[in-house]
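Input: a single structure, listed below in structure tokens.
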């Protein structure tokens with residue numbers, strides 16, 4: 001055995017990767033975290049950036065700052081394009097990083113199910129996505145103000161969210177708040193509260209992974225806010241002028257200038273690259289079916305965690321792609337590697353499910369905890385508490401608390417900035 | 001006289017334009033504010049966004065929100081491309097707006113004195129400029145961390161600011177703080193405090209519009225912070241690899257990957273367009289030499305205020321291009337128009353100069369007030385107080401105060417985000 005220090009490389013500093021790195025603190029290994037972003041992002045609050053309630057920096061923290069005190073960890077800002085499993089190297093666009101143990105935690109992106117709708121119906125995964133969506137939403141109201149026909153005005157004031165999971169539900173609720181309260185009185189030719197907000201889902205209910213009673217409650221709460229919820233509805237086309245959808249056999253075209261995507265999830269492309277090299281198959285969304293210890297079959301030195309991993313060993317079903325699962329997997333694998341390096345045994349993985357939460361609007365949420373289901377104000381308080389706690393940086397917690405408090409009282413959303421140059425609000 | 005309401009159109013919602021609009025509150029006119037941004041921007045704090053101390057939304061406020069309660073005002077988001085003085089119409093890229101009275105307040109931009117350096121040495125006028133500069137600064141440290149030769153590393157850690165006015169001085173001070181304290185300990189291969197920061201000015205002192213004793217004080221304070229101040233130095237070339245400058249007859253090339261522009265100021269292109277139509281001349285930076293009442297010669301219905309106006313009638317010299325002057329001119333012209341519409345006389349313009357302030361670093365500033373010159377901590381407190389007060393939105397004041405307090409105590413700057421996609425930190 002050589003005396004060289006063991007090199008652990010972690011690709012991706014999201015919920016899974018960052019927690020794997022932190023769990024390796026004090027281990028007899030060098031830890032290198034590679035990410036193409038310089039910040040750790042609290043993705044569950046992206047919809048608040050997209051609707052002007054929070055600023056990008058409120059929900060993002062420099063990765064270097066988070067690992068500054070961990071002396072065995074270094075951070076490399078780089079774009080990973082592949083992995084050479086034979087020679088144990090991570091390939092960057094401008095170099096490579098050798099590893100002894102590799103942890104891949106590059107997460108997921110949107111799936112348009114083979115359609116070319118990403119420009120027409122942008123999703124919400126990065127800060128850039130969020131500021132782009134914010135721009136589109138705010139420019140739609142600007143264009144409505146300047147529209148010359150009633151038809152045109154209506155299309156600019158129609159917002160369609162495709163996908164009724166937590167992101168879609170939360171985005172719909174925040175959009176209502178924006179249109180009905182924040183922008184109220186700011187326009188002269190249109191009434192922003194006339195905005196029509198549609199939430200479309202192909203399954204028969206919103207929040208389909210939650211208890212059906214909570215789905216029903218969320219749907220009612222959304223309808224009360226004025227959101228048109230259309231379940232059992234399949235989007236068959238997206239264009240610059242609107243969406244086409246099918247309910248049963250009827251196909252309808254809904255004119256809308258702003259379509260947002262909160263539907264399919266697809267694993268990061270690195271999953272398929274690794275699977276191909278390893279001679280294994282991915283599941284349909286491109287995730288790697290990992291062993292019970294999260295290693296890639298045939299490669300005990302390569303771990304996959306977070307949204308990129310398909311982990312069916314606990315319940316028979318893959319664990320869900322949420323922040324809590326990713327954090328738990330990352331921490332487990334970090335500890336497992338540490339134990340192995342120290343020659344210790346490690347207990348098998350078990351995800352302890354504390355439940356799921358989704359906010360619907362001001363003072364309303366649903367919470368599917370382990371032994372109890374909450375709705376309304378109490379669920380909303382639980383949601384606030386959990387989300388504030390989970391922001392890793394103390395300054396983020398303070399500024400988010402100040403902004404939420406202020407927004408709650410005044411119904412203002414001060415981060416309503418249209419950034420990026422443009423020629424005309426009609427050409428976004 | 002027709003009974004149609006008088007239409008006042010204000011182009012540009014900066015310090016001058018917004019104050020003109022506000023002064024027209026309650027006047028018997030319709031006020032239309034046209035801007036290509038949806039936000040009013042507190043430009044004096046842009047350097048804090050560029051160095052990660054504040055978020056864009058902290059120093060910007062939606063224009064609509066500011067004019068929401070003023071029922072005779074409306075806001076048009078549009079890109080003004082010209083003015084038809086004969087037919088009294090403002091030309092947009094996608095339409096036109098007729099006026100009876102026009103106020104042009106489109107401000108100024110950078111001047112590279114005829115050189116094509118805007119991509120190589122970006123300036124600091126908009127939020128996009130600030131986030132782009134932030135990205136360049138932070139990526140420079142990332143590239144230094146990954147550099148393979150000492151020479152390359154040094155070029156990445158060398159920062160050159162061209163222009164020793166308030167923006168250049170404040171940016172230099174903030175960069176020192178970032179490099180020496182905030183980033184300290186976050187890198188493994190480089191020591192961010194090794195960063196070399198140069199401040200270059202062609203005149204014989206920094207802050208050349210201030211009292212010479214304050215310039216000397218500022219220069220000493222900067223040198224104490226570790227900034228290399230080079231006065232009497234003319235930049236003759238900028239490339240991807242550094243700057244060339246001349247001191248006396250010597251021409252030197254300084255290798256640097258990050259050159260920032262805080263030097264020349266040039267009036268908005270609308271100045272020359274209007275001057276040409278009106279058959280008058282602009283001054284060298286492209287400003288319009290206005291009449292004592294801020295009207296364009298020969299066009300008593302067209303006013304020019306703020307950085308775009310050359311107003312020599314008070315002191316013989318054009319009034320300086322700062323926020324306080326712009327605000328004062330905007331308010332004056334708004335009131336003047338109101339008086340005219342009401343058939344009243346209005347007193348001539350007089351700018352009451354309360355002085356100028358520039359911050360140098362943590363707890364250090366210089367203030368050139370009317371009867372007193374301040375330096376050090378007391379000047380810094382004055383600076384803090386004035387800048388917090390001048391933020392128009394109350395929420396901005398709270399969040400800026402919280403962030404400044406936190407940054408002051410922890411020396412952290414949490415808005416250190418690199419946004420926008422990139423392939424490699426070496427290719428910014």
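The same position residue A:220 in the other copies lies at 7.4 nm from this copy, comparing label points 7 Å beyond Cα toward the beta-carbon, shortest first.
Order these peptides, A:145-151, B:70-76, by their mean beta-carbon neighbour count within 10 angstrom, highest first.
Values: A:145-151: 13.9, B:70-76: 19.4.
Ranking the peptides A:145-151, B:70-76 by packing returns B:70-76, A:145-151.
Chain A has one residue whose beta-carbon comes closest to the axis relating it to chain B; that residue and its distance in whole Å are A:55, 2.
A convex hull fitted around the alpha carbon atoms of segment A:270-428 yields 212 Å³ per residue. Max-minus-min Cα coordinates of segment A:248-289 on each principal axis give 46, 25, 12 Å, with the largest extent listed first.
Picking from B:168, B:78, B:17, which is most flexible by a Gaussian network model of chain B using Cα springs under 10 Å? Maximum fluctuation in the GNM of chain B, among the listed residues, is at B:78.
At 4 °C and 1.567 mPa s, what whole-number value in µm²/s does Stokes-Einstein give for the translational diffusion of segment A:389-428, with Rh from the Kirkwood sum over Cα pairs? Could you put the intermediate results ahead of the total?
Values: Rh = 12.6 Å.
Diffusion coefficient, whole number: 103 µm²/s.
Name the most mobile residue of B:247, B:284, B:36, meaning the one with the largest mean-square fluctuation, in a Gaussian network model of chain B with Cα contacts below 10 Å. The residue with the greatest mean-square fluctuation here is B:284. Annotation for residue B:389, label-to-label distances across the other copies: 4.4 nm (shortest first, one decimal, point 7 Å from Cα along Cα→Cβ). In terms of overall dimensions, the C-alpha atoms belonging to segment B:59-142 reach 52, 35, 20 Å along their principal axes, ordered largest to smallest. A label point on residue B:350, set 7 Å along the Cα-to-Cβ line, lies at 8.4 nm from each of its counterparts in the other copies, closest listed first. Between the beta carbons of residue B:252 and residue B:151, assuming R0 = 22 Å, the FRET efficiency works out to 0.85 to the nearest 0.05. Principal-axis analysis of the Cα atoms of chain A puts helix A:323-341 at an angle of about 10° to the longest axis. Calculated on the Cα set of segment A:231-316, radius of gyration then Dmax: 18.6, 52 Å.
Over all distinct Cα pairs, what is the inverse of the mean 1/r for segment B:53-99, reported as the Kirkwood hydrodynamic radius in Å? Before the final figure, lay out the partial values.
Numbers: mean 1/r = 0.0768 Å⁻¹.
Over segment B:53-99, the inverse of the mean reciprocal pair distance is 13.0 Å.
Modelled this way, with points 7 Å down the Cα-to-C-beta line, the labels at residue B:317 and residue B:386 are 1.6 nm from one another.
Taking each residue of A:407-418 in turn, how many C-beta atoms of other protein chains fall within 10 Å of its C-beta, and what is the average? Walk me through the numbers on the way to the answer.
On the way: counts 1, 0, 0, 2, 0, 6, 4, 13, 8, 8, 11, 7.
For peptide A:407-418, the averaged partner shielding equals 5.
Taking 19 Å as the cut-off, the amide N atoms of segment A:24-62 that come nearer than this to a point 7 Å along the Cα-to-beta-carbon line of residue A:3 belong to A:28-30.
Computed over segment A:82-209, the P(r) tail beyond 24 angstrom holds 47 percent of alpha carbon pairs.
Taken over the alpha carbons of the protein assembly as shown as equal point scatterers, the Debye sum produces base-10 log I(q)/I(0) values at 0.05, 0.10 Å⁻¹ of -0.30, -1.17. Both numbers refer to the Cα atoms of chain A; Rg and Dmax are 22.5, 77 Å. Applying Stokes-Einstein at 25 °C and 0.890 mPa s to the Kirkwood radius of segment B:343-428, computed over alpha-carbon pairs, gives a translational diffusion coefficient of 150 µm² s⁻¹.
For chain A, the longest principal axis of the Cα atoms and the long axis of helix A:394-410 meet at an angle of about 10 degrees.
Computed from label points 7 Å out along Cα-Cβ, the spacing between residue B:401 and residue A:377 is 2.9 nm.
The mean number of partner chain beta-carbon atoms within 10 angstrom of a residue's beta-carbon across peptide A:397-406 is 3. Over chain B, Cα pairs under 8 Å with separation of 6+ residues give a relative contact order of 21 percent.
For the peptides A:389-401, B:154-166, residues were scored by their other Cβ atoms within 10 Å and the scores averaged per peptide; the highest-first order is B:154-166, A:389-401.
As a check on your grasp of the helix formula, calculate [θ] at 222 nm for chain A: sum -39500 (n - 2.57) over DSSP H runs of n ≥ 4, divide by the residue count, round to the nearest 500.
Working: 11 runs with 132 residues, N = 428.
The per-residue figure over chain A is -9500 deg cm²/dmol.
Subtracting the Cα-Cα distance of residue A:369 and residue A:189 from 0.36 nm times their residue separation leaves 60.2 nm of extension gain. Of all the options B:47, B:408, B:210, the one that moves most in a Gaussian network model of chain B with Cα springs shorter than 10 angstrom is B:408.
Taking the C-alpha atoms only, the angle from helix A:376-390 to the longest principal axis of chain A is near 40 degrees. Considered as an equivalent ellipsoid built on the Cα gyration tensor, segment A:161-236 has semi-axes of 25, 13, 9 Å, the largest given first. Counting Cβ atoms of other protein chains within 10 Å of each Cβ in A:47-58 and taking the mean gives 3.
In percent, rounded to a whole number, the relative contact order of segment B:88-151 is 14, using alpha-carbon pairs under 8 Å and six or more apart. Sorting B:253, A:260, A:133 from the fewest to the most surrounding beta carbons within 10 angstrom yields B:253, A:133, A:260.
Under the criterion of Cα pairs below 8 Å and six or more residues apart, the relative contact order for segment B:1-45 equals 46 percent.
The P(r) of segment A:1-114 has a tail past 25 Å containing 28 percent of all C-alpha pairs. Between residue A:71 and residue A:113, the simple spin-label model (points 7 angstrom out along Cα→Cβ) gives 5.5 nm.
No lab work stands behind these numbers, since they all come straight from the coordinates. In this text the structure is predicted, and so the values were computed from the model without any measurement. Here the Cβ is made from the backbone with ideal geometry for all residues, glycine too, and neighbour counts use every protein chain on show.
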